[in-house]
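**Student:** My structure is below; once you've seen it, I'll send some questions.
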Amino acid sequence: MFMEQCESSGMGYAGLLMSAEEFFALGETVERYELVNGVVLMSPGSAPNHWRYVREILFQIEVFGRAQLGGGGFDVYAESVDLLIDDQTVYQPDLCVYARRCTGAAPDRLTLPPDLIVEVASSETKRYDLVTKRDAYERFGVREYWSVDPNDGRDGFRIRAWRREGAGFVEMPVTGSALASSAVPGFVLDIPRLIAMAPR
């Protein structure tokens, strides 16, 4: 009842405490929400450039999949797909890649650790992506995590990458024009294509 009052009053759900089960019971909403340690947070609206980067990375992954794996070797989920981390945490990563084909129909939400997660950072989400989400993905068992920052204050365009070694993440240096994935064998990100999209 209280949640219905929040929605009907235009207050939305941001700031409310709830479990993942209650969060999923909200169903489709106009706003984009995530659940972080039991607190509902509203994600800031994405700038047009944000989705240009997401689409470019998705395009490169899909081209690789079609050429190398016949188009059926792995699953890729983009945009507003819920990833259940635990009973208090639900994220919507920009890209989730599973290096093996999941059986059955497309799920309503993702419950298994992706092999690769990619987040495109903005000034509003950078610390959230680099600390809060990175730590949650590490605990959840994600094999590889990339943070793509088109507007890094120090270096301009920057990619940071972590790969699982044992129980945790180890940050790997990203240099040169290519980033080879260890979690999706054979996939190599063409970095200059992303740099060319960066604001001047």
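Quick note: the coordinates plus some simple rules give every number you see, no bench work behind them. From a predicted model like this one, the values you see are computed outputs, not experimental measurements. Cβ atoms come from the backbone with ideal geometry, glycine included; neighbour counts cover every protein chain shown.
**Student:** In nm, to one decimal, how far is the modelled label at Ala198 from the one at Ser177, with both set 7 Å along Cα→Cβ?
**Tutor:** According to this spin-label approximation, the distance is 1.6 nm.
**Student:** Still on this model: If each residue of separation counts as 0.36 nm, what is the full-extension length gain between Phe24 and Phe59 once their alpha-carbon separation is subtracted?
**Tutor:** Working it through step by step, the gained length comes to 9.7 nm.
**Student:** Under a Cβ-Cβ cut-off of 12 Å, what is the net charge of the residues other than Thr111 that fall near it, where Lys and Arg count +1 and Asp and Glu count -1?
**Tutor:** Around Thr111, the charge tally is -3.
**Student:** Per residue of the range 27-33, in order, report the coupling 6.51 cos²θ - 1.76 cosθ + 1.60 (Karplus, θ = phi - 60°) as ³J(HN,Hα) in whole Hz, putting x for Gly and Pro.
**Tutor:** Ordered by residue, 3J(HN,Hα) equals x, 5, 10, 5, 7, 9, 10 Hz.
**Student:** Let me ask something else. Roughly how many whole Å is it from the C-alpha centroid of the range 15-32 to that of the range 167-191?
**Tutor:** Centre-to-centre distance over Cα atoms comes out at 34 Å.
**Student:** Once you have the Cα-Cα distance between Ala67 and Glu165, take 0.36 nm times their residue separation minus that, and quote the gain in nm to one decimal.
**Tutor:** 32.4 nm
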